[in-house]
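Novice: Take this structure, written in C-alpha cells, and hold onto it; I'll ask about it next.
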Amino acid sequence: MTDPNLVGGGGADAAELSRVDDSATGPHKPRSLWSDAWRQLRRKPAFVASAVIIALVVLIAIAPGLFSSREAGFSDLAHANEGPSADAWFGYDNQGYDVYARTIYGARASLLVGVFSTLLTVLIGSIVGILAGYYGRIVDSILSRFGDIFAGLPFVLGAIVILTTFNAPGSNPGGVTIIVQVVCSIAVLSWPVAMRIMRSATLVAKQLDYVKAARGLGASTPRIIFRHLLPNTLAPVLVYATIALGAFIGAEATLAYLGIGVRPPVISWGVMISDSRDYFRVDPHMLLFPGAFVTLTVLAFVMLGDGIRDALDPKSR
C-alpha cells in the first residue's frame, strides 16, 4: 500500500525529502577553473612563500621610504668601501653610497622594467597568436613566419643592436627614456614565445563545441575572439607571463651590466651590479646584496609561475 504521508506533498516525509533535495542542489555550485586553481594554490607552501616575497618586493618598490631612512643619493666618502655594519647593513660602495639604501630604491626601476616588458610582450604576442590561430591558413603562415624572424634573433645581440641604434656613443638619455627603450627592446625580442603559446591554445579552443555553436549562430569574429576564445586561452599565457616577469628582471640586470641598459643616474639592481664589477674581489658586498635581491625575486616569480601552471593543469594533480 502507498504511504499516505508521501502522497499530496503535505506529509512530514515529503517535506523532509524536499529539504534534502534543496540542500543538495541549492548551495553547492560547480566551481570554475580559476576558483578550483585558487583552492589548490592556497595549499602549496612554495606558492605562499613566493607570493609573500613578491608582495614584499612590490611594497619596497612602491614605498622605499618605509624600509630605508636614508636616501639613495646619500654619500659619505669617509666610509667608502666599508663592509656591512650596524650603521650600514649592506656596507658602502666605492663612492660612499649606502648599498642597502640603493638596493631598496633600486627595486622600483628593476620591477618597472619587468612588469611593463611582460605586459607589452604578452599584449603583442597574444594579439598576433590569437589571430594566427583563429584565421589559420595563409594568415597563420604569414604571422608565424614573421614571429620566427624575431625568435631567431639572439636576445643579447638583438638588444645591443636595438639600444645602440637609438643611443649614440657617449649619450646619456633620461631615466624614463632609457627605461622605455629597454622595455621595448625586451618586448620586441620576446613576443614570439607568447605568440606561439596563444596560437596553440587558440587552435585547440576554436575546435570546441561552444565556438562552433557561436559561429553557427552568426556571432561576429570580434565577439567570438573576445567573448569565447580569449577567456579560455589566457591560462597558459598567464603562466608564461608570471615566469617571464622574473626573467625580464634578470634581463634588465644583464643589459645594465653590459652598459647598454638602464644607467646612472637611474638606480636599479642591474646598475648596482654593473658599478661593482671592478671591485668584487676586494669589496664583494657591493655585488652580493643587489645580486641576491635579483636572484631571490627571479626565483620567486619562477616558483609562482610553476605553482599556477600546476594548479591550472588538471593532469598534473
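Novice: So how many residues does region 38-52 have that are of a type in the set (Lys, Arg) and either touching a Cys at 6+ places or on another chain (Cβ under 8 Å) or closer than 17 Å to Gly246 by Cα (or both)?
Specialist: Going through region 38-52 one residue at a time, the tally reaches 0.
Novice: Separate question: In the set Arg263, Arg281, Arg277, Arg309, which member is touching a Pro at 6+ places or on another chain (Cβ under 9 Å) and over 28 Å from Gly133 (Cα atoms)?
Specialist: None of the other options fit; the residue is Arg263.
Novice: Taking the options Ile197, Ile160, name whichever one is over 30 Å from Gly259 (Cα atoms) and either at pLDDT 85 or above or surrounded by fewer than 16 Cβ atoms within 10 Å (Cβ to Cβ) (or both).
Specialist: Every option except Ile197 fails the conditions.
Novice: Within region 239-275, take every residue that is at pLDDT 85 or above and farther than 25 Å from Leu157 by Cβ and give me the one that is surrounded by the most Cβ atoms within 10 Å (Cβ to Cβ).
Specialist: Within region 239-275, the match that is surrounded by the most Cβ atoms within 10 Å (Cβ to Cβ) is Ile267.
Novice: Shifting gears a bit: Of everything in region 44-61, what is within 15 Å of Val294 (Cα to Cα), in contact (Cβ under 8 Å) with a residue 40 or more places away in the chain and not polar (S, T, N, Q)? Give them in sequence order.
Specialist: Answer for region 44-61, where residues must be within 15 Å of Val294 (Cα to Cα), in contact (Cβ under 8 Å) with a residue 40 or more places away in the chain and not polar (S, T, N, Q): Ile53, Ile54, Val57, Val58, Ile60, Ala61.
Novice: Related question: In contact (Cβ under 8 Å) with a residue 40 or more places away in the chain, in the same structural domain as Pro264 (by TED's automatic domain parsing) and assigned to a helix (DSSP H, G or I): which single residue out of Val211, Val183, Val204, Val161 fits that description?
Specialist: Criteria check complete, one pass: Val183.
Novice: Does any residue in region 67-95 that is assigned by TED's automatic domain parsing to the domain that holds Ile267 and touching a residue at least 24 places away in the same chain (Cβ under 8 Å) come within less than 9 Å, Cβ to Cβ, of a residue that is of a type in the set (A, V, I, L, M) and surrounded by fewer than 16 Cβ atoms within 10 Å (Cβ to Cβ) six or more places away or on a different chain, and which pairs are these?
Specialist: Phe67/Leu59; Asn81/Val282; Asp93/Ala80; Asn94/Ala80
Novice: Of everything in region 200-223, what is touching a Phe, Trp or Tyr at 6+ places or on another chain (Cβ under 8 Å) and crowded, with 19+ Cβ neighbours inside 10 Å? Give them in sequence order.
Specialist: Hits for region 200-223 are Thr202, Lys206.
Conditions tested, residue by residue: (1) buried (at least 24 other Cβ atoms within 10 Å of the Cβ); (2) in contact with a strand residue (DSSP E or B) (Cβ under 8 Å, 6 or more places away or on another chain).
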residue	(1), (2)
Ala80	no, yes
Ala88	no, yes
Tyr105	no, no
Ser110	yes, no
Phe116	no, no
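Novice: Considering each residue of region 98-118, count those that are without any contact (Cβ under 8 Å) to a residue 40 or more places away in the chain and within 30 Å of Ile225 (Cβ to Cβ), and give that number.
Specialist: Of the residues in region 98-118, 0 are without any contact (Cβ under 8 Å) to a residue 40 or more places away in the chain and within 30 Å of Ile225 (Cβ to Cβ).
Novice: Then there is this: Filtering region 224-233 down to residues that are in contact (Cβ under 8 Å) with a residue 24 or more places away in the chain and closer than 19 Å to Gly305 by Cα, which residue is surrounded by the fewest Cβ atoms within 10 Å (Cβ to Cβ)?
Specialist: Only one residue fits best here, namely Asn232.
Novice: Going residue by residue through region 55-75, is there one that turns out to be surrounded by 13 or more Cβ atoms within 10 Å (Cβ to Cβ), β-branched (Val, Ile, Thr) and more than 14 Å from Tyr105 (Cα to Cα)?
Specialist: Taking every residue of region 55-75 in turn, none turns out to be surrounded by 13 or more Cβ atoms within 10 Å (Cβ to Cβ), β-branched (Val, Ile, Thr) and more than 14 Å from Tyr105 (Cα to Cα).
The values are calculated or read from the model by the stated rules, or taken from the named source; none is laboratory data. Source: prediction; values computed, not measured. Using ideal geometry, Cβ is built from the backbone for each residue, glycine included, and neighbour counts are taken over all protein chains shown.
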